[in-house]
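Presented below is the structure to which this report refers.
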Amino acid sequence: MAASDKKINLPKISSDVGSLHPITKMQNKISKMLQSLGFAEAHGPEIETEEYNFDMLNIKSTHPARQMHDTFYVENRSRVLRTHTSPVQIRSMLEMDPPIAIFSSGRVYRKDDDATHLPMFNQIEGIMIDKNISFRDLKSLIYKIIYDLFGSDVKLRFRPSYFPFTEPSAEVDILFGESNRWLEILGCGLVNPIVLENCDINSEIYSGLAFGLGVERISMLDSDVPDIRDFYKSNLDFLKQF
Amino acid sequence: MKIYFPDLLKFFDDKPSITEVSDKLFQLGHEHVIDKNLLDIEITPNRGDCLSVNGIARDLGVFFKLSKPKEIYEGDIDKLNLEFENKEKDLCPSISFLKVEIHDEIMPYQKYLDDFFEKLDHSKKNFFTDVSNYLLYELGQPTHCYDYEKINGSIVLEKKECSEEFVSVLNKNIKLNGDNLVFSNQNNIINLAGIMGGASTCCSNNTRTVLIECAYFKSEEILGKSRKYNINSDSAFNFERGVDPCNQDYVLRRFLSIIKDHAMIKTAAIYQEKNYKKHDEISVNYKIIEKIIYGEDSKETLIKDNLDQILRKLSLKRVADIDDFTTTYKIPSFRSDIVHENDIAEEVARVIGYDNIPYHKITTKKPICSKDNFEENLKNFLKNKGFVECINFPFVRDSIEESIQIDNPLDSNEAYLRTCLKDSLIQNLEYNERRQKDSIKIFEISNLYSIKNQELHETRRIAIIASGRLAKNYRDFSKIIRKDFLETIFSELNPAFDFKVDEVSRENVKSKLKHPIFLIEMSLRELSDYISFKNFNEPIENESVKYSPVSNFPSISRDLSFLIENDDVLDDLINSLSSFDHKDLKEKFIFDFFINKKDSQIKIGYRFIFQSLYKTLEDKEIDVLIGDIVKTALELESVSIPGFKNE
């Protein structure tokens, strides 16, 4: 039978496939996971005061991060581009009464630009303030987060570390893939009582836990992206893969 | 810091293996790598006390038996009558000077000193400076050696406004500016306190009378200075992180002991200023420590005696029991980081091992439902329309009156925060058009900042750009995106609203393509006034996407136009072409499809795009691949390629 006599099944008309940025996708994934654990999302400005970005978080004027080389200052040093999303936690603690369980997700800025560091990157940080929160609770939450992100087969370890706003502080490594290497995945700790007091929360009644992770780093591990700079070249061949 | 492992072993009676030491270093929070016998340890900024072999050994002392302290000079030392004026006792509350005169002969270096230079790849300078550098490694305390014969009259320590040029011991000219804490002699700066000494008074191989300065400077005074003057200074690094303010006597006696190992001492005399409170005290309630680590309802408990044992191994000295739960301890002078009970809890947790603290199945609170998912829905909507989300850095060259200026930009050509998204997206378009992309549909949603009447303004904006071919299918391939494409993009959400679409001039766009560029840019709030996403739920994609490397080499397109006389083979042809695969075949799609009813023929046009990850492909390589495709296609009955010739 010829083309003129019968109905021909036309080839499918394929639509162009768009894509969300891989950082957006990872943010969505982590945000939804944290919401499922009872954390509400909080927002804050990317241009911050030194008070909220440093002082209230117990990052003293003698801390190396406050030097001009690590922080972008704007408008005659009157403000900073936030160096982390932690000021959102400060704002939330000042606005809310405990118990508090919030997370903030967004862009942060550091004066850095090389193969492993960018002047702008994304963080997700969470904080929980309640009575009787212990290091054991912190570990339990971190295990839950890591297992949700990387599967319950993943091995993780906690290492003591240092952040001015948490005490005790820890960094968490996971044993990653075929390389069999421990890779740092997030930082966490019990909220430093000084920070609670700075936010008018009685540290003798309340304690808290906090954690923070770099979205680019998680995304790189999740998708095997070798170079962090690839996220911000806006190369369609790269972005359309996600 | 780098430590030669045998040097560390000398501090222990038991001789642990490097693996055992490595495990315990991790447990204590000292991240490191091992290269043969070298440990390269990253010390957190709060642990300046660990920036030495002695400091690391002391921290490991909770696990391994420490041997007796290193040999020091135990004899009496004369008092030095030094003309020294400390005008900055707040910034330098304790300082010592040791003057030592030796006989001419300096013996070959002992093995421990020689190893320091050989194994750690340090270069030797002169005897006294070499000992000073070694002691910084062994004890973490910086010392500075002046050639005593080059000092005339009194030495003054003061913070003063400087504008002169200073020549460092490394013969580097440094133009000083602003306030600096300096040592001066006869009004000449001879030492940038805590950072680096000067060439005018430094020791040489001929020095036989040395004045050794050993001080404690407040970290805030030193912080940032070595960066400011681009000086690489280990001393400044240690002072920035805090050194022991009460260790000078021990350090100088150790210095003297090392001199004695290598030379005959004629005279030694010491000058000391001590204005520092030696020890702080802390009350430790073990029930509170237990609560911080395990929580109130845990089966795990801390035993008071065990806690005491841990704290004493960490050099805290028991002062008195306050009650059944609380004991007061003296904090050692080198642990300025211990301030409150959470710090003690961290110390105890480190010794127990973070990984040995149990965890439990977490009881989650009531899940939170996101109330405001307009932005998420908007992004998903655009994705479904074929748009790709971009994210750009906010730093730009050009400014308007409301622009926010960055005081210390990374690049002086990008000293402002952008006030619109358009320019970023145009750059994204240029970037991709230069990479042979002829259909661009992209968007960005970001916060923008501006300042007006000294008030900061934040707006969350969206920009969408579309240009080039409408789509890569046979219906739309030959159509170019027009203004109405963007005007109607949200019509299914609000048919009544006309979106303002701008055509962007290509005058300043660096691209060979000439397709018109269309843009929508507006605030998200404004957009949400016009559209909403009732019942729109995009499924969450949780599966991981594994990245495939992106080529930086040009691609080559080849079009084949197949003629089919028998439409029964249409599906076979499409299946055959769709299943063709090769590492350099990046993309293929049908760009033309035509049924000629009169001649009972079907014409189908296929575009194949080739690109290698590793090189620019040559035509002859593509010819081979096209030959394979054609051969497979022509095996089907009644399929031909009019006019095709493949040599």
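The values are calculated or read from the model by the stated rules, or taken from the named source; none is laboratory data. Keep in mind that what you see is a predicted model, and the values were worked out from it rather than measured. Cβ sites come from the backbone with ideal geometry, for glycine too, and all protein chains shown count toward neighbours. What goes into the accessible areas is simple: the full protein's heavy atoms, side chains included, and nothing from ligands, DNA or RNA. Shrake-Rupley method; radii C 1.70, N 1.55, O 1.52, S 1.80 Å.
Here are some notes:
- Taken about its Cα centre, the range A:124-242 carries a charge dipole of about 220 debye when Lys and Arg each add +1 at the Cβ and Asp and Glu each add -1 at the Cβ.
- In chain B, the longest principal axis of the Cα atoms and the axis of helix B:18-28 are about 80 degrees apart.
- Per-residue shielding of B:562-570, expressed as the average number of other chain Cβ atoms within 10 Å of the residue Cβ, stands at 3.
- Taking the 1.4 Å solvent-accessible surface of the range B:301-356 as the whole, the part contributed by carbon and sulfur is 47%.
- q = 0.12, 0.13 Å⁻¹: log10 I(q)/I(0) that the Debye formula gives for chain A, counting C-alpha atoms only: -0.72, -0.84
- The ellipsoid equivalent to the alpha-carbon distribution of the range B:71-111 has semi-axes of 29, 14, 12 angstrom, derived from the gyration tensor eigenvalues as √(5λ) and listed largest first.
- Lysine pair count for chain A (Cα-Cα distance under 26 Å; residues 8 or more apart in sequence or on different chains): 23.
- Full-stretch length increase - residue B:324, residue B:592 - with 0.36 nm per residue and alpha-carbon distance subtracted: 87.6 nm
- Complex-versus-alone comparison for the range A:41-55, residues with a loss of 40 Å² or more in accessible area, probe 1.4 Å: A:46, A:47
- Extension gain for the segment residue B:407 to residue B:475, taken as residue separation times 0.36 nm less the Cα-Cα distance, is 19.2 nm to one decimal.
- Length added when fully stretched, residue A:178-residue A:154, from 0.36 nm per residue minus Cα-Cα: 7.4 nm
- Placing +1 on the Cβ of every Lys and Arg and -1 on the Cβ of every Asp and Glu, with nothing else charged, gives chain B a dipole about its Cα centre of roughly 280 debye.
- Of A:54, A:211, A:231, the one that fluctuates the most in a GNM where chain A has Cα springs shorter than 10 Å: A:231
- Angle between chain B longest axis and helix B:422-433 axis [Cα atoms, degrees, rounded to 10]: 70
- Accessible surface of the range A:97-242, 1.4 Å probe, proportion on carbon and sulfur as whole %: 43
- Accessible surface calculations at 1.4 Å, restricted to protein heavy atoms, place the range B:459-576 at 57 Å² per residue.
- Net charge dipole, the range B:556-640: roughly 340 debye, given to the nearest 20, about the Cα centre with Cβ charges of +1 for Lys and Arg and -1 for Asp and Glu.
- Approximate spin-label separation residue B:374-residue B:317, in nm, with each point projected 7 Å along Cα-to-Cβ: 6.6
- Between B and A, accessible area buried - total, square angstrom, nearest 100, 1.4 angstrom probe: 9400
- The calculated pair-distance distribution of the range A:156-242 uses every alpha carbon pair, bins of 10 angstrom beginning at 0, and gives 16, 33, 26, 18, 8, 0 percent.
- Average accessible surface area per residue within the range B:288-389, 1.4 Å rolling probe, Å²: 51
- 17 Å reach of a label modelled at residue B:79, 7 Å along Cα-to-Cβ, counting backbone N of the range B:260-290: B:268-275
- DSSP-defined beta bridges in chain B - what % are antiparallel, rounded to 5: 95
- For chain B, the alpha carbon convex hull comes to 292 Å³ per residue, rounded to a whole number.
- Packing order of peptides B:411-418, A:187-194, highest average first: A:187-194, B:411-418 (average count of other Cβ atoms within 10 Å over each peptide's residues).
- Under 26 Å of direct C-alpha separation, and excluding same-chain neighbours fewer than eight residues apart, residue B:15 reaches these lysines: B:2, B:24, B:36, B:65, B:68, B:70, B:111, B:119, B:313.
- Degrees, to the nearest 10: B:127-139 long Cα axis against longest axis of chain B: 70
- The modelled label-to-label distance for the pair residue A:35/residue B:399, using points 7 Å beyond Cα in the direction of Cβ, is 3.9 nm.
- Environment charge at residue B:434 (Cβ cut-off 15 Å; Lys +1, Arg +1, Asp -1, Glu -1): +3
- Inter-chain Cβ neighbour count for B:399-410, averaged per residue, equals 4 (cutoff 10 Å, partner chain atoms only).
- Taken residue by residue and averaged, Cβ atoms of other chains lying within 10 Å of the Cβ of B:213-220 number 1.
- Lys/Arg +1, Asp/Glu -1 at C-beta; chain B dipole; positive extreme among B:170, B:509, B:51: B:509
- FRET E, pair residue B:552, residue B:300, Förster distance 51 Å, beta-carbon r, rounded to 0.05: 0.35
- With at most 12 neighbouring Cβ atoms within 10 Å, loop GluC sites (Glu not before Pro) (DSSP) excluded, longest segment of chain A: A:1-177
- For chain B, the relative contact order is 9 percent, taking Cα pairs closer than 8 Å that sit 6 or more residues apart in sequence and dividing their mean separation by the residue count.
- Surface share of carbon and sulfur [accessible, 1.4 angstrom probe, percent] for the range B:556-640: 47
- Overall Cα dimensions of the protein assembly as shown, principal axis frame, Å, largest first: 118, 63, 61
- For peptides A:133-144, A:113-124, sequence by mean Cβ density within 10 Å, most packed first: A:133-144, A:113-124
- Estimated distance in nm for a label pair at residue B:121 and residue B:220, the labels positioned 7 Å out from Cα along Cα-to-Cβ: 3.8
- Computed over the range B:370-528, the range of Cα coordinates on each principal axis works out to 53, 42, 25 Å, biggest value leading.
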